[in-house]
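Working notes for the structure below.
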Amino acid sequence: MQPLLQRSFLLLLLLMGLWTTPATASHLLGGEISYSYLDANGAGANRYRYRVTVLVYVNADPATSSVEFGRPAIDVAFYDKTNGARLQMVNIQRTSNPEITPPQPGGCSTPGTAVRVRLVRYETIVSLPLSFNGYYAVYTDGTRNAGILNLAQSESWSQQIYVEMAPPLLPNSSPTFSDTAVVVVCQGDTSIIVNNAVDADGDRLIYSFSRPYGVQNPQLPPPLPTIFTPPPPAVTYANGYSQTAPFGTGPGRYAFLNASNGLSRYATALLGSYVVSVEVKEYRTINSVEVLIGSTRREIQLVSRTCTPNRPPQFTAATQATHLYTIEEGQTVSFNLAATDPDGNPITLKANSVLLDGPGPFNATFAGSQGVVQPGNPTGTVSITGTGGNVSGQFVFNSACGAARSTPYDVVLTATDVTCGAKSIADVFQIQVTKAAGPTSITGEAVICDRTLPVAYTAVGPASSSYRWSAQGGTIQGSNTSNTVQVLWNTVGAGRVTVKGISTLGCASDSVSRNVDVRPASGLAVTPTNATICSGTSTTLTASGGQSYVWTGGSQTFTGPSITVSPTQTTTYTVTTNDGICTTSRQVTVTVNPAAVANAGDDVSVCSSKTVQLGSSALTGYTYSWSP
């Protein structure tokens, strides 16, 4: 190699951070931490168990890396978010370390310019004590590479990554990045980077640029503090660079991050290495209020290099026409995804999604394949290759009952041309699965004062194919599958009637309920229960077992517990009482017997020893006594 060319080559390696002197040799290219809550079956006070995963990207080139295979084990510290106190230090063993350097077509690579990357995985199960505010998991690794363009004195800073863990009383899994990080971008061109993440709980995710963190002038290994209060010390940016402008400002320098799906677009003007950090916050709706659950970060060192001139592939207009597909659970959605290459190069089209879970619970395919899930990955992938500058495949998702959630399912699509200086484009397509349409409310009595009669309740809202009713504290009379149901309440106290709509595909809608107050039977009583008087006389009626009393009947109204009545004909009286909620009535009938009549008629003359009949027709209920 000629001296001038040799010096230029060494300078390029220094700028890229992939070659350093032995005294400053490093290996770090980035990392991220994720966790998932398991159970409360830990021993003693450390009841709450989590699976914790640390991914570290390292330089895999044995000529330039101090730890080309990654460290055999690392230390991760766990802190209580309540006071920042360190709870424990856990040594985590390396579980895998595959090299993820993208392959190049034969004859394309120039020796010494390829960036070799190894993804080192550390995973363990940790048991933690109760914390009402959650935890921090923190990992710090030694000296960063020298010569990182956007960091001031990059070799004097460690790399520190951490994740905020939700409290155990709010079980949660952190967002997990759906694909490995890309570490190479092309100088003078726009590169599309996928930082999309998957959340197992269906929480809403928001993406933003974050600051890289670390300890300045670190010891080896770097110390972990006894008290951790975020944010930790932030690495100092070099002049002209910032958190939102990691490649600087000016012509040919650009950084964009889609806050909804993590899709990034970067452009660099200079050859060299840059550090970019992306933070993902997860929000969950609890009691109708959206709450920040936690956040995780991915830090990656990007290398800008000179790429072979090549035009990138493009997605077809039909592919780009729709990015959000909405279906009801139980329905099927299908759409075609295609790309073309202006140079006629073969194209590899890769779909990445949690839906492509192989033989898992989701029934989805891309180009007829259910996907392959690599161990430890939250998503599956399907890759197809087309020749002649064209490639296409159909994505099909047969949703099942229960697939609905508030956030959409992401399908990340990447198209890469197969040629020297290969370039990629990426986009995110989403499938929103809604619950089956169903009732929004229930009409019917909310206070039950009389438990002797069934009460009707009706579902209100979008009509369903059928319905599923249930009653707490009552018994459904007859069918429970129509939009109206009859309930006989048999338990005093709080009752509830609930209904779900059932779609034609057999999926249940969200349930709606109506709370019912079932009141105890009234103790109102009247004495006597019935009365009989003679015309011209009176009787007293007395009510008890209520709070206030109103009497009606016989064209009169009276207030009070007792009433004296003297009707001239048989009359029914009603007494009403109200306890502030229920109104109860009782009735009593006063029967009036007419006056006795013993009419013998006119004076009658009769001979001795002869007989004659005296009097009139007998009156019901009367007895007669005669005397001469």
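The values are calculated or read from the model by the stated rules, or taken from the named source; none is laboratory data. Since this is a predicted model, take the numbers as computed values, not measurements. Heads up, the Cβs are rebuilt from the backbone with ideal geometry, glycines too, and the neighbour counts pull from every protein chain shown. To get the accessible areas, we keep the full protein, side chains included, count just its heavy atoms, and leave off ligands, DNA and RNA. Shrake-Rupley method; radii C 1.70, N 1.55, O 1.52, S 1.80 Å.
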query = Applying the selection to segment 377-426, what residues are aliphatic (A, V, I, L, M) and in a strand (DSSP E or B)?
reply = VAL382, ILE384, VAL391, VAL396, VAL411, VAL412, LEU413, ALA415, ILE425, ALA426
task = Pairs only if they're at least six apart or on different chains, beta carbon under 9 angstrom, first in segment 354-371 and open to solvent by 10 Å² or more (accessible area, probe 1.4 Å), second charged (D, E, K, R); list them, first residue then second.
result = VAL354/ASP410; GLN370/ASP357; GLY371/ASP357
ask   = Does GLU164 satisfy being of a type in the set (Asp, Glu) and either within 30 Å of SER127 (Cβ to Cβ) or open to solvent by less than 20 Å² (accessible area, probe 1.4 Å) (or both)?
value = yes
request  = Return the total of residues in segment 301-321 being buried (at least 19 other Cβ atoms within 10 Å of the Cβ) and under 29 Å from the mean Cα position of the chain (by Cα).
outcome  = 1
ask   = Looking at (1) in a loop (DSSP other than H, G, I, E, B); (2) more than 30 Å from LEU55 (Cα to Cα), which is the one condition that is false for GLN374?
value = (2)
ask   = Which of the residues belonging to segment 596-613 are at negative phi and modelled with pLDDT of 75 or more?
value = SER605, VAL606, CYS607, SER608, LYS610, THR611, VAL612, GLN613
request  = Kindly establish whether GLN216 is open to solvent by less than 90 Å² (accessible area, probe 1.4 Å) and touching a Lys or Arg at 6+ places or on another chain (Cβ under 6 Å).
outcome  = no
message = Out of the residues in segment 288-300 meeting the condition of being of a type outside the set (Asp, Glu) and open to solvent by less than 30 Å² (accessible area, probe 1.4 Å), tell me which one is farthest from GLY421 (Cα to Cα).
response = ILE293
note = Within segment 264-278, residues surrounded by fewer than 20 Cβ atoms within 10 Å (Cβ to Cβ) and at pLDDT 95 or above come out as none
task = Can you give me the ranges of the strands (runs of 3 or more DSSP E) entirely in segment 454-571 with at least 1 residues that are of a type outside the set (Asp, Glu) and under 30 Å from VAL433 (Cα atoms)?
result = 455-460, 466-472, 484-489, 493-502, 512-518
request  = Name the single residue, out of those in segment 52-94 being part of a strand (DSSP E or B) and free of Cβ contacts under 8 Å to residues at least 40 places away in the same chain, that is least open to solvent (accessible area, probe 1.4 Å).
outcome  = VAL90
task = Give the residue that is farthest from ALA422 (Cα to Cα), with candidates limited to residues of segment 329-343 that are at pLDDT 95 or above and open to solvent by 30 Å² or more (accessible area, probe 1.4 Å).
result = GLN331
